[in-house]
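Participant: Please find one structure pasted underneath; my questions will follow.
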Amino acid sequence: MLLIRCPWCGDRDEVEFRYGGQADVAYPTDPHELDDAEWGNFLFVRANPMGALTERWVHTAGCRRWFSVVRDTATNEMTPDIPRRRESR
Amino acid sequence: MTVLHRVETDLAEADTATAAPRHSPLEHRGAEFERATALGPRGVRLREEPFLTQLNLRVPPDDAVSEAVAEALDLTPPAANKVSGDEGRALLWLGPDEWLLVAEEERARGALRAVRSAQQDASGSSVDVSANRTTLRLAGPAAREVLEKVCSLDLHPRAFSVGDCAQTLLGRTVAVLWQVGPDPEYRVLVRCSFAEYLADLLLDAMAEFLEG
């Protein structure tokens, strides 16, 4: 089981968390401008690297707060996400 | 408008004299808790502390409003994962902008009104959630060992001691764990509908300490 560090509660078991997928997926500025392929891309297509991926997690059984971490998908090693400005698309 | 007025009513101040008798989720298990009490140097006892008043407070963190809210309750703002105040009336830290006031009924009178006047127009909320959870009290030299069977947190005094609180999983249910005494003595706040489950779980964990 992973030991995940909640920025508020500290180290907790993985079962206390839920996964929220890739972080920083920005909502399109004007969804009406997108064609179906682009909209499908926004909804469903996510990065799938072997290596560092910034992810959202929520501490459901604890403080119930969302936070981002960078997880190495090969080793599961997690490091806190450094907050930065979202890139606009 | 009537509905709005009902929401504004301070439940802690509601006239209980005319209300129907209240029932706590574990009131029928008192005798069972008594029988499960283990004495001696590896003793542990469990009982229910029903009807503690609980107010869920959402306050902006590190803000004049949060200071004002704590002051209105005559308490200090709790630090992260800590409790401020005493057993009879305490603020538990539940999150960066969320506190839980846990108080004995007679010491909670007027609390909701005081919080609301301190909050004024600031963002945040205050809700009486007394009926959400009941409280189990686990005490005795073996209390930590009992909890460790159902909880993955490090409860050793170096990591968790008097005045600490945590929201975590006990078995399969979410609970608020609060160490109130060095014995050690814990309060466990659990959703009413999960109280029976947690009581069963703790009684099972306590069984080995019962002699004979």
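Participant: Specify the residue with the greatest mean-square fluctuation among B:A118, B:A139, B:A103, computed from a Gaussian network of chain B linking alpha-carbon atoms under 10 Å apart.
Facilitator: B:A118
Participant: Considering only protein heavy atoms, with the full assembly of protein chains and a 1.4 angstrom probe, order A:W66, A:W8, B:W99 by accessible area, largest first. Please list the in-between numbers first.
Facilitator: Details: A:W66 135, A:W8 105, B:W99 15 Å².
Descending accessible area places them as A:W66, A:W8, B:W99.
Participant: Here is a further query. What net charge is computed for the residues neighbouring B:E48, neighbours being all others with C-beta under 12 Å from the C-beta of B:E48, Lys and Arg scored +1, Asp and Glu -1?
Facilitator: Details: positive: B:R29, B:R45, B:R47, B:R133, B:R137, B:R187; negative: B:E27, B:E32, B:E34, B:E49, B:E196.
Result for the local shell: +1.
Participant: Considering chain B as a Gaussian network with a 10 Å cut-off on Cα pairs, which listed residue, B:L75, B:L52, B:L189, attains the greatest mean-square fluctuation?
Facilitator: B:L75
Participant: With all distinct Cα pairs included, what does the Kirkwood hydrodynamic radius of segment B:149-212 come out to in Å, to one decimal, could you say? Don't skip to the answer; put the middle values down first.
Facilitator: Details: mean 1/r = 0.0798 Å⁻¹.
Result for segment B:149-212, one decimal place: 12.5 Å.
Participant: Along the three principal axes, how long is chain B when you take its alpha carbons, biggest first, rounded to the nearest angstrom?
Facilitator: Cα extents, longest axis first: 60, 43, 27 Å.
Participant: Report, in cubic angstrom per residue, the convex hull volume of the C-alpha atoms of segment B:52-129. Intermediate results must be reported in sequence, preceding the final value.
Facilitator: Working: hull volume 5.6 nm³, N = 78.
Cα-based convex hull of segment B:52-129, divided per residue, equals 72 Å³.
Participant: Please get the size of the charge dipole for chain B, origin at its Cα centre, with Cβ charges of +1 on Lys and Arg and -1 on Asp and Glu, quoted in debye to the nearest 20. It would help to have the intermediate numbers written out before the result.
Facilitator: Values: 22 positive and 34 negative charges, 73 e Å.
Rounded to the nearest 20 debye, it is 360 debye.
Participant: Which shape class applies to segment B:135-177: rounded if a/c is under 1.5, otherwise prolate when a/b exceeds b/c and oblate if not, where a ≥ b ≥ c are the square roots of the Cα gyration tensor eigenvalues? Mind dumping the intermediate values first?
Facilitator: Details: a/c = 1.35, a/b = 1.21, b/c = 1.11.
Rounded, since a/c falls under 1.5.
Participant: Based on the Cα gyration tensor of segment A:3-80, what are the three equivalent ellipsoid semi-axes, each the root of five times an eigenvalue, rounded to whole Å and given largest first? Can you show the working numbers first?
Facilitator: On the way: eigenvalues 158, 46, 16 Å².
Equivalent-ellipsoid dimensions as semi-axes: 28, 15, 9 Å.
Participant: Quick check on packing: order B:29-40, A:45-56 by the mean number of other C-beta atoms within 10 Å, highest mean leading.
Facilitator: Working: B:29-40: 14.1, A:45-56: 12.4.
With the highest mean Cβ count within 10 Å placed first, the list reads B:29-40, A:45-56.
Participant: Which whole-number percent of Cα pairs in segment B:104-160 have a distance greater than 18 Å?
Facilitator: Numbers: 950 of 1596 pairs.
Percent of Cα pairs beyond 18 Å in segment B:104-160: 60.
Participant: For the pair B:N56/A:A47, report the inter-label distance in nm, with labels modelled 7 Å from Cα in the Cβ direction.
Facilitator: 3.5
Participant: Please identify, among B:R158, B:R113, B:R47, the residue showing maximal mean-square fluctuation in a Gaussian network model of chain B using a 10 angstrom Cα cutoff.
Facilitator: Result for chain B, Cα springs under 10 Å: B:R158 fluctuates most.
Participant: Over all residues in A:52-63, what is the mean tally of Cβ atoms on other chains that come within 10 Å of each residue's Cβ? Provide the component values of the computation, followed by the final result.
Facilitator: Working: counts 0, 0, 0, 0, 0, 0, 0, 3, 3, 8, 9, 10.
Per residue, the average neighbour count from other chains is 3.
Participant: Just from its helices, what would the mean residue ellipticity at 222 nm be for the protein assembly as shown, if runs of 4 or more DSSP H residues each count -39500 (n - 2.57) and the sum is divided by every residue, rounded to the nearest 500 deg cm²/dmol?
Facilitator: Details: 7 runs with 63 residues, N = 301.
Mean residue ellipticity at 222 nm (helix-derived): -6000 deg cm²/dmol.
Participant: I would also like to ask the following. How big is the Rg/Rh ratio for the protein assembly as shown, C-alpha atoms only, Rh by Kirkwood, two decimals?
Facilitator: On the way: Rg = 22.5 Å, Rh = 21.8 Å.
Across the protein assembly as shown, the Cα-based Rg/Rh ratio is 1.03.
Participant: Net charge near B:W93, counting Lys/Arg +1 and Asp/Glu -1 over other residues with Cβ under 11 Å of its Cβ?
Facilitator: Numbers: positive: B:K82; negative: B:D97, B:E98, B:D164.
For residues surrounding B:W93, the net value is -2.
Participant: Of B:G110, B:A131, B:Q120, which is farthest towards the positive pole of segment B:104-144's charge dipole, taken about the Cα centre with +1 and -1 on the beta-carbons of Lys, Arg and Asp, Glu respectively?
Facilitator: Ranked along the dipole, the leading option is B:A131.
The values are calculated or read from the model by the stated rules, or taken from the named source; none is laboratory data. This one's a predicted model, so the numbers in the text were calculated from it and none came from an experiment. So basically every Cβ, Gly included, is an ideal-geometry build from the backbone, and we count neighbours across all protein chains shown. What goes into the accessible areas is simple: the full protein's heavy atoms, side chains included, and nothing from ligands, DNA or RNA. Shrake-Rupley method; radii C 1.70, N 1.55, O 1.52, S 1.80 Å.
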